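Student: Here you go, one structure.
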Amino acid sequence: MRVIAESLAAFRGERMIFRHVSFELAPGQALILHGPNGSGKTTLLRVIAGLLGFMGGRLRMLGANDQPLADEARDRAFHFVSHLGVVRAQMRVRETLEFHAALLGAPKTAVAQALDDWALRPLADHSGGMLSAGQRHRLALARLSLQKRELWLLDEPLVALDVASKNRLNAFAEKHLEEGGIIIAASHEPFLGDPRTIYLGPRA
């Protein structure tokens, strides 16, 4: 898989959020988006995910033999995980993962793996309303373990995480890259050593 952006531009209302954003990512590569609040980091992730349109430029996701991925194949190629992911207060942690596994078409056995991967097993029977911000974010990240997808789109992946959870995420992300995955992350903090970055918005 490859992800190629050429001079992307996006607007919110009549205000230009970003323009002239270009990059190309191949298997095993990561791109980290930095910039102040409102600079367009999340907007760019949502554009790549197909959740928002863009007003200029070109965006391509290429699969085998550099053929463009279309519609369902494109949607199955990525995970989009946001720190603002909704955790229903009345649903237990295990039920939440079972719900997402069903949406992704993942086997039920993946739920047990996700609980272990993200140290959520002690919280499996806790309702979402009982979780801290960091625990809720770990629950959102646990979707990455439910089904293997080539592209990870991560919005503020480190927010609210303690040191152990940050180390866990870094280890999983590095393994994903080693296995030929691609990561695009918007972060206020350095992530994965910032191997390649784009800064959005005005600099101080």
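The values are calculated or read from the model by the stated rules, or taken from the named source; none is laboratory data. If you're wondering where the values come from, they're calculated on a predicted model, not measured in any experiment. Here the Cβ positions follow ideal geometry from the backbone for every residue, glycine too, while neighbour counts run over all protein chains shown. Ligands, DNA and RNA are stripped out before the accessible areas are found, and what is left, the full protein with its side chains, is counted by its heavy atoms. Shrake-Rupley method; radii C 1.70, N 1.55, O 1.52, S 1.80 Å.
Student: Pick from the stretch 94-148 the residues that are aliphatic (A, V, I, L, M) and outside any helix (DSSP H, G or I): which of them is farthest from the chain's Cα centre (by Cα)?
Tutor: Step one: filter the stretch 94-148 for residues aliphatic (A, V, I, L, M), giving 97, 101-104, 106, 110-112, 114-115, 119-120, 123-124, 130-131, 133, 139-142, 144, 146.
Now restrict to residues that are outside any helix (DSSP H, G or I): 106, 119-120, 124, 131, 146.
Values: Ala106: 18, Ala119: 19, Leu120: 19, Ala124: 23, Leu131: 21, Leu146: 14 Å.
Among them, the one singled out is Ala124.
Student: Now for a separate question. State yes or no: is Glu150 closer than 30 Å to Met16 by Cβ and either surrounded by fewer than 16 Cβ atoms within 10 Å (Cβ to Cβ) or modelled with pLDDT of 95 or more (or both)?
Tutor: On the way: closer than 30 Å to Met16 by Cβ: no; either surrounded by fewer than 16 Cβ atoms within 10 Å (Cβ to Cβ) or modelled with pLDDT of 95 or more (or both): yes.
So Glu150 fails the test.
Student: Could you list, in sequence order, all residues of the stretch 8-43 that are touching a residue at least 24 places away in the same chain (Cβ under 8 Å), of a type in the set (Lys, Arg) and open to solvent by 60 Å² or more (accessible area, probe 1.4 Å)?
Tutor: Arg12, Arg19, listed by residue number.
Student: Of the residues that sit in the stretch 55-73 and are over 25 Å from Arg19 (Cα atoms) and in contact with a Lys or Arg (Cβ under 9 Å, 6 or more places away or on another chain), which one is surrounded by the fewest Cβ atoms within 10 Å (Cβ to Cβ)?
Tutor: For the stretch 55-73, the residue satisfying everything is Asp66.
Student: Now, a different point. Inspect all residues belonging to the stretch 166-186 and state whether any of them is farther than 19 Å from Gln113 by Cα and open to solvent by 50 Å² or more (accessible area, probe 1.4 Å). Before you say what the answer is, go through the steps one by one.
Tutor: The first filter runs over the stretch 166-186 and keeps only residues farther than 19 Å from Gln113 by Cα, leaving 177-178, 180-186.
Add one more test, that the residue is open to solvent by 50 Å² or more (accessible area, probe 1.4 Å), and what stays is 178.
Yes, the stretch 166-186 has at least one match.
Student: Please state which one of Gly63, Gly129 is touching a residue at least 24 places away in the same chain (Cβ under 8 Å), small (Gly, Ala, Ser) and under 19 Å from Ile183 (Cβ atoms). First the steps, then the outcome.
Tutor: Values: Gly129 fails: under 19 Å from Ile183 (Cβ atoms).
None of the other options fit; the residue is Gly63.
Student: Considering every residue within the stretch 178-199, establish whether at least one is in a helix (DSSP H, G or I), more than 20 Å from Lys41 (Cα to Cα) and under 16 Å from the mean Cα position of the chain (by Cα). Give the steps one after another, and end with the answer.
Tutor: Initially, the stretch 178-199 is screened for residues in a helix (DSSP H, G or I), giving 178.
The next check asks that each one be more than 20 Å from Lys41 (Cα to Cα); those that pass are 178.
Filter once more, keeping what is under 16 Å from the mean Cα position of the chain (by Cα): none.
Looking for residues that are in a helix (DSSP H, G or I), more than 20 Å from Lys41 (Cα to Cα) and under 16 Å from the mean Cα position of the chain (by Cα), one finds none in the stretch 178-199, hence no.
Student: When you go through Arg76, Arg46, Arg88 one by one, which is the residue that is touching a residue at least 60 places away in the same chain (Cβ under 8 Å) and either surrounded by fewer than 12 Cβ atoms within 10 Å (Cβ to Cβ) or within 20 Å of the chain's Cα centre (by Cα) (or both)? Reasoning before the result, please.
Tutor: Values: Arg46 fails: touching a residue at least 60 places away in the same chain (Cβ under 8 Å); Arg88 fails: touching a residue at least 60 places away in the same chain (Cβ under 8 Å).
Answer to the selection: Arg76.
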